Each structure stands twice: as C-alpha cells, then as structure tokens.
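For reference, the structure discussed in these notes is given below.
The values are calculated or read from the model by the stated rules, or taken from the named source; none is laboratory data. What you are looking at is a predicted structure, and each value in this text was computed from that prediction instead of being measured. Here the Cβ positions follow ideal geometry from the backbone for every residue, glycine too, while neighbour counts run over all protein chains shown. Just so you know, the surface numbers come from the protein's heavy atoms only, side chains and all, with ligands and any DNA or RNA stripped out. Shrake-Rupley method; radii C 1.70, N 1.55, O 1.52, S 1.80 Å.
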Amino acid sequence: MLERHASRAARRNREFEAFVAGAAGRLLHAATLLTAESPDDNPRARRLLTLSLAHTYAGWDRLHGEDPYDRTRRQLAIRFARGAWHRHGALGRARPHPASPLARLAPQERLIVVLRLHEGVAEEQTAALLGLSPERVRAICHRATSALLHRSRGPAPAVTATKATP
C-alpha cells in the first residue's frame with residue numbers, strides 16, 4: 001500500500017514537473033504583462049505565478065481531464081484581480097513599470113487584454129471568469145486596445161536638414 005502511494009506521488013510529481021517545464025515560460029510572460037513589470041525584474045509576476053502553480057499542484061489529482069494550463073491561467077487571472085482589488089480598490093490603477101507596453105492600462109483592462117488578445121480566451125469565457133457581461137468585456141477590450149494603439153506620442157521629433165555632399 002505504501003509502495004503504491006509512493007509511486008503515485010512520484011508519477012504525479014513527474015507529470016507536474018513536465019507541465020511546468022512546458023508552460024511556465026508562457027505563463028510567466030502573461031503574469032508579467034498583467035503586473036506590467038519589466039521582463040527582467042518581475043517579482044510580483046513571479047510570486048503570482050508561483051501561487052497559481054501551487055494551487056494547480058494542490059488540485060493535480062482532481063483535474064480529471066481538465067487542461068492544467070487553463071486551470072493555472074484561470075487561477076493567475078483570479079489572483080491578479082483579487083490582488084488588484086485589495087490593493088487599489090475596484091481594480092483601480094496600480095503603479096506599473098513605465099517601460100511596460102501595458103503600463104498605461106488599468107489592471108482590469110490589462111487583465112482583459114491579456115486574456116483575450118495574448119492568451120486567446122473567448123469573450124464569453126473571459127466574461128464568466130470576471131463576472132462581467134460579454135458586452136462589457138468587449139467594450140473594455142475595445143477601449144484598452146484603442147488606448148494602446150492611439151496613445152499620445154508627445155511632440156514629434158525635430159527633423160534636421162543635412163547638406164548633401166556632391
């Protein structure tokens with residue numbers, strides 16, 4: 001009995017390690033986009049991913065055919081949303097790294113953009129995960145992408161004329 005339990009635990013550990021080896025890079029990138037940290041210095045994203053992976057590992061035996069990547073991504077989104085809510089109230093603005101491409105967006109906008117555009121999660125699934133209507137998710141995603149595409153670039157760089165040498 002003890003031997004069978006040990007072999008099951010070893011198999012579980014190998015399966016989870018293989019999952020982490022294959023998915024951790026993409027999940028860390030998603031977490032870094034969510035926290036709007038620099039890819040080189042992302043302690044909040046790493047902590048978020050670690051907690052999400054720990055949750056997935058704890059429920060590994062209960063996956064029953066469910067994709068562990070989807071479960072971890074869902075846990076990542078939930079943890080990010082809860083953390084942003086508690087720190088900033090109603091998913092208010094955080095203080096992201098200024099060089100992050102999503103730094104201008106509010107946490108809720110970042111969450112929706114990352115889920116919809118980076119991860120390819122369907123609008124209805126994103127809405128169900130966040131407790132919003134699909135129309136609201138669509139509107140927030142549209143507003144966020146518009147803000148990213150049409151951000152103010154400041155004054156145009158000065159054009160200097162140079163003499164052509166004959």
Total residues in segment 36-86, condition more than 16 Å from G25 (Cβ to Cβ) and not aliphatic (A, V, I, L, M): 25
Identify the residue in segment 64-80 that is among the hydrophobic types (A, V, I, L, M, F, W, C) and open to solvent by less than 20 Å² (accessible area, probe 1.4 Å) and, among all such residues, is nearest to A21 (Cα to Cα). L76
Take the residues of segment 1-55 that are open to solvent by 30 Å² or more (accessible area, probe 1.4 Å) and not in a helix (DSSP H, G or I): which is modelled with the lowest pLDDT? M1
